[in-house]
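The values are calculated or read from the model by the stated rules, or taken from the named source; none is laboratory data. Keep in mind that what you see is a predicted model, and the values were worked out from it rather than measured. Positions of Cβ are generated from backbone atoms using ideal geometry, with glycine treated the same way; all protein chains shown enter the neighbour counts. Keep in mind that these areas ignore ligands, DNA and RNA; they rest on the heavy atoms of the full protein, side chains included. Shrake-Rupley method; radii C 1.70, N 1.55, O 1.52, S 1.80 Å.
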Amino acid sequence: MISPRHHTVGMNLSETSFHTLPLAAGLLDNLASLGYRDMTAIQAAALPRILAGSDLVGQAKTGSGKTVAFGIPIIESCEPTGLTQALVLCPTRELATQVSEEMQWLQGGKGLRFVTVYGGTDIDKQAKVLDAGCDIIVGTPGRVIDMSKRGHINLEHITHFALDEADRMLDMGFFPDILWCLERLTNRKQTLLFSATFPQE
């Protein structure tokens, strides 16, 4: 959904300015403070469509700003309630950590709670963090599935789903895991896929 809150700064805005987007004033102010002024090509193409509620497949090379393209609409759509509203799946723990950190940086003072979920870490500690409540989960498929089966993640409540580096995930054999998650995301309102290349799968 498009937020009714708008924030503009004068009449001569570039068509690629973040300030042309229907975002909350606080989020726009934070983007400006971080030095985000003009959108990259993938951001300018994707953000208006995602903010309007469309599902989207985006293809752009690494380093082109894909995290901002899906991260900003997810931040805009979520509220700090402690109930998980969005899930971002990534192929590796390093990328999951990077995406989570960047989204936390982008949100400014909105107060959304992020939890990064991946293998190779203490599962009991991760379970306690999840049980304490969070708004957005960024993780790898295997550990997200494990935590779901253990009852620490409820996929049915999630409304926004993003898949980052989908081509790498397919190459790494995550396709069955992705399908497992999708089958249980029964209340998702929006699905976003971002990738550098797109195999037929």
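Looking only at the range 149-201, count how many residues are β-branched (Val, Ile, Thr) and either in a strand (DSSP E or B) or free of Cβ contacts under 8 Å to residues at least 60 places away in the same chain (or both).
The qualifying residues number 2.
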Worksheet item: Give me the pairs: first residue in the range 27-45 and farther than 17 Å from Met103 by Cβ, second residue of a type outside the set (S, T, N, Q), beta-carbon distance under 7 Å, and six or more apart or on different chains, which are they?
Response: Arg37/Phe18
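Residues are listed down the side, and each one gets a yes or a no for (1) among the small types (Gly, Ala, Ser); (2) in contact with a Pro (Cβ under 7 Å, 6 or more places away or on another chain); (3) part of a helix (DSSP H, G or I):
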| residue | (1), (2), (3) |
| --- | --- |
| Asn30 | no, no, yes |
| Gly35 | yes, no, no |
| Gln43 | no, no, yes |
| Thr62 | no, no, no |
| Glu76 | no, no, yes |
| Val88 | no, no, no |
| Pro91 | no, no, no |
| Ala96 | yes, no, yes |
| Val99 | no, no, yes |
Worksheet item: Among (1) without any contact (Cβ under 8 Å) to a residue 60 or more places away in the chain; (2) over 15 Å from Leu192 (Cβ atoms); (3) open to solvent by 50 Å² or more (accessible area, probe 1.4 Å), which single condition is Leu112 missing?
Response: (3)
